[in-house]
Amino acid sequence: MRCQQASEWMSLQLDGLLTQAQWEELEEHLQSCPHCAKEWGMMLAADQLLQGAERVSPPRDLVPLVMARMEARARRQRLLFWGLGFALGALLFVWGVVFWDGAWRVWSVLSAWDAFRVLDCLFRTGVLVVQVFVLWLRVLFESGGGLVLISWSCLAAFLMILWLYIVLFRGYRGRRV
Amino acid sequence: MVEEERWVSLAQKGDKEAFCQLIRAYQAPVYNLAYRMLGDPDEAEDATQETFLRAFSRLHTYDPGYKFSSWILSIASHYCLDQLRKRKGRFVSLEGIKSWRWMPDRRPQPEERFLQHEEQVAVRRILSKLPPQYRVVVILRYWYGYSYEEMARMLETSQSAIKSRLHRARKMMAKLLQVSEETQVSKESRDALPASL
Ligand SMILES: [Zn+2]
């Protein structure tokens, strides 16, 4: 028997998982190997120490504290929900105005194919907005996601506005000249 | 435990009073686990509260086929492991403060009303020296008596991983005890020297 295996078996023995035959084999090794015998002694000592360890109890009743936290978190989530709902609504409103304005301008100036491409892009943006909204709802119901949620929403809003600005007011105005 | 099943199913429907009953029933084992993992009464109290908040938001994922106690302790274990990971990411100076916190005389620790003071301090010190992944299996094994199979399910790993973590943890603890014994002996012989002169 090698020392490595003996050491593994010692741990199993402490959990009562060695067969009688295995234990005898281990014992035989322990009698011939002082290094392992020493380790076994120390493992037994650690085992005994832990067996005698106390269970500690909380210093006070935690029920009211947990309930208070739960209430505070629910309040914060409601606030976040309404705040972000309002922001998203405003964003959609602005997006709608820009969409119709931009679509009208593009339609009146460009070829049908270009107009189609712009509409396609606008449609994709819409899909993105819906996806962000879904993600946002999902995160709302997981705890501790507030900060992540706000960052993602801001990032998405920023990218969308940037995209609208570039595509509608830079790109096509440039081509019109 | 029929009563407990009733509480769980009521809590799953959003009944807060039923959930309070569950907290009342399990705050002590969860607190003990958190205290053994984190080594600090305040952090343990905080972790216990967070564990129950997490549990409440995940009650719909609880499978009544398993024991509620192992489900809640599994959440607590993961929470404490996360906390220790975050703690490791902080500054080294803070780490110094943490190890100072393990010293016995800082302020009353929960177990200090018990008689075997020194042994309890030794338990705390030994646990603090184990890496979190080893510490958690030692705690689940010694304080809660979980089998390899149960621990594997609770920690979402294999039984052989549990077996090897427990073995390494025990090897490490054996070494720690040996070292502390040797320093004890050398200190005693040093103390004994002037007297014999
Ligand atoms: Zn050997």
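Can you confirm whether segment A:7-25 contains a residue that is closer than 19 Å to B:Gly145 by Cα, among the polar types (S, T, N, Q) and not assigned by TED's automatic domain parsing to the domain that holds A:Val130? Scanning segment A:7-25 turns up at least one residue that is closer than 19 Å to B:Gly145 by Cα, among the polar types (S, T, N, Q) and not assigned by TED's automatic domain parsing to the domain that holds A:Val130.
For the condition buried (at least 19 other Cβ atoms within 10 Å of the Cβ) and in contact with a Leu (Cβ under 7 Å, 6 or more places away or on another chain), B:Ile23 qualifies. Residue pairs whose Cβ atoms lie under 8 Å apart, separated by 6 or more positions or on different chains, with the first residue in segment A:80-92 and closer than 15 Å to A:Ala156 by Cβ and the second part of a helix (DSSP H, G or I) and of a type in the set (Gly, Ala, Ser), are A:Leu84/A:Ser153; A:Ala87/A:Ser153; A:Ala87/A:Ala157; A:Leu88/A:Ser153; A:Leu91/A:Ala157.
Applying a threshold of 8 Å to beta carbon distances and a minimum spacing of six or more residues, or different chains, the list of pairs starting in segment B:41-53 at a residue that is within 9 Å of chain A (Cβ to nearest Cβ) and of a type in the set (Ser, Thr, Tyr) and ending at one that is surrounded by fewer than 24 Cβ atoms within 10 Å (Cβ to Cβ) and outside any helix (DSSP H, G or I) reads B:Thr48/A:Pro58; B:Thr48/A:Leu62. Where helices (runs of 4 or more DSSP H) fall entirely within segment A:1-108, those with at least 2 residues that are more than 8 Å from chain B (Cβ to nearest Cβ) and away from the ligand (no atom under 16 Å from the Cβ) are at A:20-32.
The values are calculated or read from the model by the stated rules, or taken from the named source; none is laboratory data. This one's a predicted model, so the numbers in the text were calculated from it and none came from an experiment. Don't worry about glycine lacking a Cβ; one is built from the backbone with ideal geometry, like all the others, and counts go over all protein chains shown.
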